[in-house]
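So the structure is just underneath, and the comments pick up after that.
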Amino acid sequence: MSHLISVMVHTPAHSGLGGALTYESDSVLAPGTLVRVPLGSRELLGVVWDEAGTRPCAKETNASTLAPDASHTTASQPSLLAMDDPSHNNAAPAALQLRAIASVLDGVAPLSAHWRQLVQFAARYYQRSAGEVALASLPSQLRDLSAEQWARRLKRKPKPPLANDAPAQAIPTPTDEQAQVLASIDAQSGPFLLFGNTGSGKTEVYLRAAQALLERDPSAQILVMVPEINLTPQLEARFRARFAPQWGSECLVAMHSSLTPAQRLNNWLAAHSGQARIVLGTRMAVFASMPHLQLIVVDEEHDPSYKQQEGARYSARDLAVYRGQLENAKVILGSATPSLESWHHSRPATETEPAGRYMRLAMPSRVGQGALPLVRRVDMNRQPYKTVFSSHLLEAMRERVTRGEQILVLLNRRGYAPVLHCTDCGWKSECPHCSAYRVFHKLDRTLRCHHCGFTQAVTRACPSCGNLDISPLGRGTEQLEEHLAELLADVRRPDGEPIRIARIDADSTRLKGELERQLAEVHAGAVDVLVGTQMIAKGHDFRRVTLVAALNADGALFSSDFRAPERLFSLLMQAAGRAGRDATMNLVSPCEMWVQSHHPQHPLFEALKQHDYPAFADQQLREREQATLPPFSFQALVRAEARSQEAAQDFLNAARDAGSALADELLVDLYPAVPMTIQRIANIERAQMLIECTSRKALQHFLAHWQADLHGLRSAHRQVIRWAVDVDPLAI
Ligand code: ADP
Ligand code: ZN
Ligand code: ZN
C-alpha cells in the first residue's frame, strides 16, 4: 500500500501554486517531517504538510498531482509539468505519475503544527505561496548539504557546555515602575505594548520576564527580536551575562543574516530541538522553530526594519503578535516611540468605545533619574545663508568637548554631497540608469548611485561643457565630518589632546566588523564627536553623550509619505535618548538636544521639546482618522517593473479593470497606477497601484481572489519583468 503525502516545496514566487505537491511514500510520514523530493530533474527540500492520506491506488489520481492549497485560489491549477525545467516540457505523459519521496532528513524532529500554521497564515496574508515562506525560513544548509554531508553533520557530537567562569552578575532590583509592569505581564495575557522612555529600563524588564519564565518552566523558550543586531552588540552580551551562569553558555543562540550558513544551521537546530532557551534575532527569527515558545519580545517595535522588503513582505512584529496568540505565548512590544498602529491598538477604553486589543504599560521615568535633554530649536531662517552649525550650537559643542563630554551629530544623508553640478551649463550628476542623482563621495572621488550602485570617478571638468568649475550641492555626512574638523581644529580635550571626530554611516561600516569596532571606540570614550546617519541614533547606550544635534531634519515634514513625520519624530526622540544616560556624570550644564530647522514652530518639534510622544501620536492619529489612513484603513500596494513605464502601468491598470467589480462589491478602493517616487532604477521602470479598504477582512478577501487575475494577466503583458503585492506597506 502506498501513501499520498502532500509536501511543501519552494516553487517560483509567481507560479500561482500553493507549493504543496503530492508524492508517494511507502510509509506514513508525520506532518512537519523534512524530506527531499524530486521535481523535474532536481531534488528539493520539502516539508510534509498535511495528514497523509492512505489511498491504495495512487496512480489513478495522477490527474491531480497538485494538492489543493487552502491558502491560494487560482482560476486554473496548472499541472506539475508546468513548473518543471523548460527542458522537461516535452516529457511524456508518463511524467504525470506520482513520484516517490526521495528521502527523509534523519535526525530532525517534525516541525510543529503551530509552525506550519504560522507559515500558512503568513503566506495567505502576504499573498505568497506557503512553500516559499516555509522554505525561505529554514536554514539553507538543510537544503544544500548532500546526504553524506548531512550524515556527517548529525554524527558531530554537541559541544560540551563551556564552563561558566563568568561570575554571576549582580542583578539590579527592579524600580517601582519595572515591578508594576512585570506584575501586569505576569497577571495578564497581553499582548503588551511596553511604552517605556529611552533609558527607562525596558531591556531589564525583558530580562526579568524571561528569567521568571525559565525559573517556572525549565523547558520554556523565549524569542527576543531586535531591529538590527549589528547595531546593538551589547544586547546579546547582556542577555548572555544574565543567563549563562545559570543555564549554561549554550542557552542563547542568535539568528540573523550575518551568520555563516553553518552557524545558522547550528543555531536553528538548537532552537528546534529545544536546547536553546533564548533565541535573539532579527525579523527572520519570527519563523524560528521553537517547540516550547512562551514569550516573544519585539524590542523597538516601531522600527521599519521589521518589515521584510522582498519576497514575502511580512511584518515580523505583526506576525509575532499572531504567533503569540497561536501558541499561547506572551508578547511584549517595546518602544519609547511606538508605531502609531501599536499606539492605536493599545488605546484605553473611553466612555463610548472599548479599549484596544493590546495592553499598554508605561514606564515614563529614566532609571537613575538621568534627565532627558533640554530640546533647543534653532530657527535657520535667521541664520546667515549657508550656515551649517549656528554659532550658538558651535559654541555649546566646543564647551562640551573641552570638558570631555561626547557629542552626536545626526545628518540623514551619507556621502559628501548629494549632487555635483556645473555652475556654467547647469549639468547635474544624474545617474544614467536611474531617476536619481549620483552622490559625490570625496574620499575616493567617485560619483555613486545609491540606488543601482553605478560608480564612476569624478572628472575634473564638466562632462557636458568642459567647465572646470563643478561644485557640490548640499551636504552629506562626509562633508560634515570634514567641516567639523576645521571648526574644532583649535579645541583641546581635557587631557590636552586634539579632539577626535568619527563618522558612522553605511559607507564607513561597509567592511565586516567595522561597525562593531567603531561603536566600541565610542563606548570606550575614544571619540569626542560622532557624526552619522540614523545608525547612530538607535538603541546605543553611549554613556558620556551630553549633546545631540540634528541638522537638516525638515525634509520629512513635507514629504508625500504620510508616515514621514512619524519616522522623523521617532528618530529625533531616539537620538535625544542617547544623551544623558549616565546620571552620575557631574554636569556643568544639563544635556541638550539641538534641532536646526526652517520650521522650528512645527507641532512635531513642539512635541519633541516636551518629550511628549502621546501628544504627537494623538495629533497624528487625529489627522489619519480624518484622512482615513492606517490604522483607520488598510492598504496594499501592487508594484510592477518593466522596461517602459507605460508597460508597467498598463499591467496595473488592466489588473485594476479586472478587479473592479469585486472591489466595488467589497468597498475596496483601487487607485490608478502611478510611477513610483524613484521611477527608474537600473534602467527598470517602476509603477505602483494603491489598494485601500476600511476593513482588513474585505481587503484580504479581495486580494485572495484578485491574485488569479494578476497571474492570468501576466501572459498578455510580457514586458512586465516582475510584480509583487505588498500588504500593509510601510513606504507609499
Ligand atoms: P532601555 O532598554 O529602556 O533603554 P535599559 O534596560 O537599557 O533601558 O536600562 C538603562 C540603564 O539602566 C542600563 O544601563 C541598565 O543597566 C540600567 N538599569 C535598568 N534597570 C535598572 C534597575 N532596576 N536598577 C539599576 N539600574 C538599572
Ligand atoms: Zn557644464
Ligand atoms: Zn543608478
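Extending 7 Å from Cα along the Cβ direction at Asp561 and again at Ala583 yields two label points whose distance is 3.7 nm. Calculated translational diffusion coefficient of the range 519-617 (20 °C, 1.002 mPa s; Stokes-Einstein with Kirkwood radius over alpha-carbon pairs) equals 148 µm²/s. DSSP beta bridges fully contained in the chain are about 50 percent antiparallel.
Using all pairs of distinct alpha-carbon atoms, the Kirkwood hydrodynamic radius of the range 325-370 works out to 12.6 angstrom.
Shown is the FRET efficiency for Arg42 and Glu236, computed with R0 = 41 Å from the Cβ-Cβ distance and rounded to the nearest 0.05: 0.65.
Taking every C-alpha pair closer than 8 Å and separated by at least 6 residues, the mean separation divided by the residue count of the chain gives a relative contact order of 11 percent. Determine the sum of side-chain charges near Phe454: Lys and Arg each +1, Asp and Glu each -1, restricted to other residues whose C-beta is under 11 angstrom from that of Phe454. Once positives and negatives cancel, what remains is +1. The C-alpha atoms of the range 450-506 occupy a region whose extents along the principal axes are 51, 27, 17 Å, arranged from largest to smallest. Residue separation of Tyr385 and Thr402 scaled by 0.36 nm, minus their Cα-Cα distance, works out to 3.3 nm of gained length.
What the pair-distance distribution of the range 182-254 shows, using all Cα-Cα distances binned every 5 Å from zero, is 3, 12, 24, 28, 18, 12, 2 percent.
Report the paramagnetic label zone for Gln619: residues of the range 570-609 whose backbone N is under 20 Å from a point 7 Å from Cα along the Cα-to-Cβ axis. Once the point is set 7 Å along Cα→Cβ of Gln619, 570-577, 593-609 turn out to lie under 20 Å by backbone N, inside the range 570-609.
Pairs of C-alpha atoms in the range 629-732 farther apart than 25 Å represent 15 percent of all such pairs. All distinct Cα pairs of the range 545-584 go into the 1/r average, and the inverse of that average, the Kirkwood radius, is 11.3 Å.
Here the relative contact order of the range 153-291, from alpha carbon pairs under 8 Å that lie six or more residues apart, stands at 28 percent.
Across the range 37-42, coupling constants 3J(HN,Hα) worked out from phi with the 6.51/-1.76/1.60 Karplus curve, θ = phi - 60°, read 10, x, 9, x, 9, 9 Hz, and Gly and Pro carry x. Pairs exceeding a 25 Å alpha-carbon distance, out of Lys202/Lys330; Lys307/Lys330; Lys512/Lys538; Lys307/Lys428; Lys428/Lys538; Lys202/Lys512: Lys307/Lys428; Lys428/Lys538; Lys202/Lys512.
Using only side-chain charges placed at the Cβ, +1 for Lys and Arg and -1 for Asp and Glu, the dipole size of the range 352-486 relative to its Cα centre rounds to 380 debye. Site pair Asp444 and Phe632 shows an inter-label distance of 4.8 nm when each label is modelled 7 Å from Cα along Cα→Cβ.
Annotation: Cα Rg of the range 573-680 relative to the compact-globule expectation 2.2 N^0.38 Å equals 1.73. Sequence-ordered 3J(HN,Hα) estimates for the range 139-147 from the Karplus curve with 6.51, -1.76 and 1.60 and θ = phi - 60° stand at x, 5, 5, 4, 8, 8, 6, 6, 4 Hz, glycine and proline given as x. Sort the range 297-366 into rounded, prolate or oblate with this rule: let a ≥ b ≥ c be the square roots of the eigenvalues of the Cα gyration tensor; rounded if a/c is under 1.5, and if a/c is not under 1.5, prolate when a/b is larger than b/c, oblate otherwise. Judged from the Cα gyration tensor, the range 297-366 comes out prolate (a/c at least 1.5, a/b above b/c).
Remark: spin-label model distance Cys425-Ala109 equals 7.0 nm, labels positioned 7 Å along the Cα→Cβ axis.
What is the helix-to-structure angle for 113-125, meaning the angle in degrees between its Cα long axis and the longest Cα principal axis of the chain, kept from 0 to 90 and rounded to the nearest 10? In the chain, helix 113-125 runs at an angle near 70 degrees to the longest axis.
Across the range 403-540, the fraction of Cα-Cα pairs farther apart than 20 Å, rounded to a whole number, is 52%.
For the chain, pairs of C-alpha atoms spaced more than 49 angstrom apart make up 21 percent of the total.
Note on the range 599-658: Rg/Rh from C-alpha atoms, Kirkwood Rh, equals 1.28. Helix-only arithmetic for the chain: the sum of -39500 (n - 2.57) across DSSP H runs with n ≥ 4, divided by the residue total, places the mean residue ellipticity at 222 nm at -9000 deg cm²/dmol. As a size descriptor, the averaged projected area of the C-alpha convex hull of the range 335-403 was calculated at 9.0 nm². Rounded to the nearest 0.05, the FRET efficiency derived from the C-beta distance between Ala100 and Arg156 at R0 = 41 Å is 0.90. To the nearest ten degrees, helix 176-187 and the longest principal axis of the Cα atoms of the chain are 10 degrees apart.
Laboratory data are not the source of any read-out in this text; all were calculated from the coordinates shown. Bear in mind the structure is a predicted one, so any value in this text is a computation, not a measurement. When we count neighbours, we look across all protein chains shown, and the Cβ atoms used for this are built from the backbone with ideal geometry, even at glycine.
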